Amino acid sequence: RAKSDGRHIARFFDPGMQAAADRQSALETGLRDGLARQQFVLFCQPQFDVRGQLVGAEVLVRWRRENGVLVAPGDFIGLAESSGLILPLGQQVLEDSCNALARWRGDRSLGKLKLAVNVSVQQLRDPEFPEEVARILARTKAPAGQLLLELTESIFADDKQDLAERMHMLCGQGLRFSLDDFGTGYSSLAYLKQFPLTALKIDRSFVHDVHVDPNAGPIVKAIIALAQQLKLEIVAEGVEHEAQRSFLARSGCSALQGYLLGAPMPIAQFETLYSASGIGHA
Ligand code: C2E
Ligand code: MG
Ligand code: MG
Ligand code: MG
């Protein structure tokens, strides 16, 4: 026992591991300060229906550090989740998103959009979450019916009963849910109907070679057929090429998202580009 503990401690003080642990805790302190200093900013990526009409947007958070560097969520969401900071961060993202929805009200173009916000399973696990969402909706006067929460398949690994109940409470407030990155994680088709979902997002790894890989096309078509049977909308993410766009449009997707159609951009730029009175609007 003592011997194995000794080895464990010796490993912990391995300089490489110590450096990694130091980086982690510096990053965590940075995250905490960043939250206090409002360094987390919203980017928005447009979503279009197959006829090319703007129908929605996804909110993607970025961390603008004091040195001006913009950090992508892949580099901090994991730590925010493991440190618990995802709760205040997620709350801020949701509040800023609801403020945008309220601001867009009445605009002929922006006023109709659905806004999708990514939510971590840790947020949904919090019993206070539905009340907190209600408070945010009341405070911002955002139209709840235009708010879509994106969850990943990691909900399937959790306490399904609790999460489903909490989701139903939120649906009662008018919100809807979409399942992100479908097909990459804990996909179990049986679980799909246990949750109140209105949309599936086909992961971009399937979209990537849909037009070239003889297997990817049929898989995407099967996912779309499944979604249609379950009366779910289907959003394809990561559309980069015209050949992918036309394949997906022909196959019955409800909406498309990707660099081909529009990259994520600061929310102010999104508003200028797409508002009915905006400069970039045709
Ligand atoms: P996601 O929700 O699946 O978001 C789509 C990601 O694909 C985004 O990466 C987006 O910038 C990227 N993307 C969009 N179009 C294309 C394309 O045509 N090609 C390729 N290769 N990529 C494309 P991003 O912004 O780096 O976000 C990564 C992930 O971080 C998101 O994946 C989401 O899971 C998470 N995330 C972002 N914002 C939040 C947030 O506010 N809260 C939480 N909990 N997670 C977030
Ligand atoms: Mg998403
Ligand atoms: Mg996704
Ligand atoms: Mg993803």
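Quick notes on this one:
- Pair A157, R23: separation of 7 Å Cα→Cβ label points (nm): 2.2 nm
- Dipole in debye (nearest 20) - the chain, about Cα centre, beta carbon charges: Lys, Arg +1; Asp, Glu -1: 400 debye
- Computed lengthening from E165 to F195, 0.36 nm per intervening residue step minus Cα-Cα distance: 9.9 nm
- For region 55-196, radius of gyration divided by Kirkwood radius, i.e. Rg to Rh on alpha-carbons: 0.96
- Within the chain, percent of DSSP bridges classed antiparallel, to nearest 5: 40 percent
- Peptides 269-277, 155-163 ordered by average Cβ neighbours within 10 Å, highest first: 269-277, 155-163
- Theoretical FRET efficiency, 1/(1+(r/R0)^6), r = Cβ-Cβ of D14 and R64, R0 41 Å, to 0.05: 0.75
- Rule-of-thumb Rg ratio for the chain [Cα; 2.2 N^0.38 Å; N residues]: 1.09
- Over the chain: helical MRE at 222 nm, DSSP H runs n ≥ 4 each giving -39500 (n - 2.57), nearest 500: -14000 deg cm²/dmol
- The lysine pair tally for the chain, using Cα distances under 25 Å and a gap of 8 or more places or different chains, is 17.
- Share of carbon and sulfur in the accessible heavy-atom surface of the chain [1.4 Å probe, %]: 53 percent
- A simple spin-label model places pseudo-atoms 7 Å from Cα toward Cβ; at S188 and K231 they are separated by 2.5 nm.
- Karplus (6.51, -1.76, 1.60) ³J(HN,Hα), θ = phi - 60°, over region 116-133, in Hz, Gly and Pro reported as x: 9, 10, 6, 10, 7, 4, 4, 5, 5, 5, 6, x, 7, 4, x, 5, 5, 4
- For the chain, the per residue solvent-accessible surface stands at 50 Å², with DNA, RNA and ligands left out and a 1.4 Å probe.
- Along region 250-265 the Karplus relation, 6.51 cos²θ - 1.76 cosθ + 1.60 evaluated at θ = phi - 60°, assigns HN-Hα couplings of 5, 8, x, 5, 7, 8, 10, 9, x, 4, 4, 9, x, 7, x, 9 Hz to successive residues, with x for each Gly and Pro.
- Percent of Cα pairs in region 130-263 per distance bin of 5 Å, from zero to the largest separation: 2, 10, 19, 20, 17, 14, 10, 5, 2, 0, 0.
- Phi-derived couplings, Karplus 6.51 cos²θ - 1.76 cosθ + 1.60 at θ = phi - 60°, listed residue by residue for region 209-220: 10, 4, 8, 10, 7, x, 8, 5, x, x, 5, 4 Hz, with x used for Gly and Pro.
- When region 105-176 is reduced to its Cα atoms, the Kirkwood hydrodynamic radius in Å: 13.0 Å
- In this structure the amide hydrogen of G262, modeled in the peptide plane, comes within under 5 Å of no amide hydrogen from residues 5 or more places off or on another chain.
- Note on region 48-123: semi-axes of the ellipsoid equivalent to its C-alpha gyration tensor, largest first and rounded to whole Å, are 27, 14, 13.
- On full extension, the segment bounded by K141 and K221 gains 24.9 nm, given 0.36 nm per residue less the C-alpha separation.
- Compared with the alpha-carbon gap, the fully stretched path from D209 to E242 is longer by 10.7 nm at 0.36 nm per residue.
- Scattering curve values for region 25-73, log₁₀ I(q)/I(0), Debye with Cα scatterers, q = 0.14, 0.18, 0.23, 0.27 Å⁻¹: -0.47, -0.62, -0.80, -0.98
- Net charge in the neighbourhood of E271 (other residues with Cβ under 11 Å of its Cβ; Lys, Arg +1, Asp, Glu -1) is 0.
The values are calculated or read from the model by the stated rules, or taken from the named source; none is laboratory data. Just so we're clear, the structure is a prediction, and the values are computed from it rather than from any experiment. Note: ideal-geometry Cβ built from the backbone for every residue, glycine included; neighbour counts use all protein chains shown. Surface accessibility is based on the protein's heavy atoms, side chains included, excluding ligands, DNA and RNA. Shrake-Rupley method; radii C 1.70, N 1.55, O 1.52, S 1.80 Å.
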